[in-house]
Amino acid sequence: MNRSRGCPSQRRVSHSRLGIALALVLSVLALLAIVVAAVTSMSLGSLNVIKVRGSSARSLYAAEAGVAHAMRLLINDASYQGTQQEPNYSETTRWQCQIFNNLEGSTPTAPNGAVIPDGMTYILARGARKDGSYERRVGVLVKPISLATSWPFAVGAGGEVRLQGGQKFIRGGIKANGPIRFTSPTRIEPRAGHGRVLTSTSLQVSGPTRMDSSQDARSRGSISGNIQNALEVVANDSTIDTEPFINDYRTEPNLSPSEQGQLVLPNPVLAQLTDPTVNPDVVVHTFLPGSLDLDGKVHYFSVHDFPDGVVFGNTNSIIGEGTIVVVGPKGIEFNNSIGSASDPLKANLIALSDPDAPGPLPSINFKNNSHIEGLVYAHGDIDAGANMTIEGVVIAYEGSITFGANVDFILDGSSLSAPGFEAFQGVVDSGGGPGPGDSGPLEVVFWQRL
Amino acid sequence: MSFFVERGGAKVRGLTVMEMLVAAALFALAIGTIIGIFPLSAKATRQSQAALVAATVVQDEMELIRAMSYEGIPAFREREIEVEVVFAGRVVVLTYQVTSRAEIKGDGVRPDGLKEVEVTVVWNEPDGKTRKEALKTDVARLSP
């Protein structure tokens, strides 16, 4: 056998090994390339996720801007329905919204199947990029509510508010045309979303005062002292929020164009509280009974029969629920405790001036610990030197509010549904709800990001 | 060319120098390319991690503002947020400047009682580039 050539089988084996190194290298490189491609793809994929998430979020908030727009239209006109859009909401997004109004029972279902109860309105908004991609939808059911339940201030005064002595706990907002003074430990918390401290004059804090971090304190003038934890404390404020209450004795909240944005301090229709021919629930008293059973009625004490005002002494008691109205310059005085934590007095206490006999403004004075659920309202001052718990609304129309002991004010705007204050409740007809063209606040029943 | 080398009378099978040189050159070229891609991929991962945190921060701030009452939404608010992120086994602190602006819309065309809220988050990449993420919405006052 010739060794230099090798036998045929050896030659086949040797020829089959040609280029094996290249093949091995290419195989390894192919594997590495696959690994690199996978890693790169994952990185690019996560960048893509960020991009999608960002676009989706921008579309969602554009849709919610559409909802806000629709809500304002409904606040201005509770019967509004139709379609609104803003194709250039931002550089990259647009929104469109449809308003389905079932105020009168004519539209019980929205096109997306949402059920619209009677008296409510459904807003369906869409937000997207301008090319229509990344669309997000929001569905919101709203209903108009009476103005009374949206009143934001536990304490409102045409004059000053002085909270001095004892511990003060205010759950709701405070607003005064005059100065607000906190000279004792005071805690202000929001209630039903309301908890602002607003004054058209000045705010003076000399006792430890703490607010919620979501609420602000604003003064048209100066602010002295320290309020802890508030979101903002703003002196020399020029926003509409520190414009004074309108307290020119109008009995309806209607605003002129120049007054838009200001708040009218509620003032009752006198006849609803004093004239049985206008309001059959009015009971006219010529003497003060030892035990006054309110029985759901309006108990009227006129200046003619009570020229020195009405004084509830230790021998007087008040039971049941209802309204007490005293007209005349001397107002109402409570020398005894009325109500308690376990049995609060559910009554509206109202002291009004006599339009036929101008004189000092009537006041309400509490000399003993009291617990009231209702409206405490005077054209003049409201004073208390004792511990007070009032769950409702306290309004001194032209006067000042001074509380010198422990106080717990809990805002309940529904107490403004007291007799005489109908115009401030947004009710315009016997149906009890807002009618076409009526304006009023909105309550969100549910808010769905679809 | 023969693929057989005679050593002591026996034939030894192997690879030639040329074959090895070509293979080594190809391998070096490919490895160099791959080594260049990995840092880019790592940078992309780092960027996407920072951007993901920014997206969360800006959305959280927007939700915080939306939870406030209409009156309570501040006209301007700025704060700095530091977030610790684990990247490649190391804890890295990312700093985000969060700014929110709220402006009452008053162009006379849209209904009144609307505040336009814009939240912006700004952060710096490790390479010094500044990036920004922003969200915008409107908030309505629910009373007349």
Practice task
Specify the residue with the greatest mean-square fluctuation among B:ALA23, B:ALA44, B:ALA75, computed from a Gaussian network of chain B linking alpha-carbon atoms under 10 Å apart.
Solution key: B:ALA23
Practice task
Return the calculated 222 nm mean residue ellipticity for chain A, to the nearest 500 deg cm²/dmol, obtained by summing -39500 (n - 2.57) across DSSP H runs with n ≥ 4 and dividing by the residue count.
Solution key: -5500 deg cm²/dmol
Problem - Separation in nanometres of the label points that stand 7 Å from Cα toward Cβ, at A:ASN314 and A:ALA38 - result: 9.2 nm
Exercise for the section: Can you tell me the 0 to 90 degree angle between the C-alpha axis of helix A:20-76 and the longest principal axis of chain A, rounded to 10? Expected result: 20 degrees
Exercise for the section: Give the relative contact order (percent, whole number) for chain A; include only Cα pairs under 8 Å separated by 6+ residues. Expected result: 15 percent
Handout entry: Most mobile of B:LYS115, B:LYS129, B:LYS105 in a GNM of chain B (Cα contacts under 10 Å)
Key = B:LYS129
Fill in the blank from the handout: Partner shielding of A:64-77, taken as the mean number of other chain Cβ atoms within 10 Å, equals 6
Fill in the blank from the handout: Of the listed links A:LYS143/A:LYS168; A:LYS168/A:LYS346; A:LYS297/B:LYS115; A:LYS175/B:LYS105; A:LYS175/B:LYS115; B:LYS43/B:LYS136, those spanning more than 32 angstrom between alpha carbons are A:LYS143/A:LYS168; A:LYS297/B:LYS115
Problem - Kirkwood estimate for chain A, i.e. one over the average of 1/r between Cα atoms, Å - result: 26.2 Å
Fill in the blank from the handout: Residues meeting the amide H criterion for A:ARG171 (H placed from the backbone, H to H distance under 5 Å, 5 or more places apart or on another chain) are A:GLU189, A:PHE409, A:ILE410, A:LEU411
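Can you give the helix-only mean residue ellipticity at 222 nm for chain B, where every DSSP H stretch with n ≥ 4 adds -39500 (n - 2.57) and the sum goes over all residues, rounded to the nearest 500 deg cm²/dmol?
One gets -13000 deg cm²/dmol as the mean residue ellipticity at 222 nm.
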Practice task
Quick one: dipole size for the protein assembly as shown, taken about the Cα centre, charges +1 on Lys/Arg Cβ and -1 on Asp/Glu Cβ, in debye to the nearest 20.
Solution key: 5720 debye
Handout entry: Prolate/oblate/rounded label for chain B (Cα gyration tensor, a/c 1.5)
Key = prolate
Exercise for the section: At q = 0.12, 0.13, 0.18, 0.30 Å⁻¹, work out log10 I(q)/I(0) for region B:30-89 with the Debye formula, treating every Cα as an identical point scatterer and leaving solvent out; two decimals please. Expected result: -0.50, -0.55, -0.77, -1.22
Exercise for the section: Along each of the three principal axes of the Cα atoms of region A:24-142, give the extent in whole Å, ordering the values from largest to smallest. Expected result: 81, 29, 17
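Could you work out, residue by residue across B:67-76, how many beta carbons of other chains sit within 10 Å of that residue's beta carbon, and then give the average as an integer?
6
Laboratory data are not the source of any read-out in this text; all were calculated from the coordinates shown. Just so you know, these numbers come straight off a predicted model, no measurement behind them. Ideal geometry is used to build each Cβ from the backbone, glycine not excepted, and the neighbour counts take in all protein chains shown.
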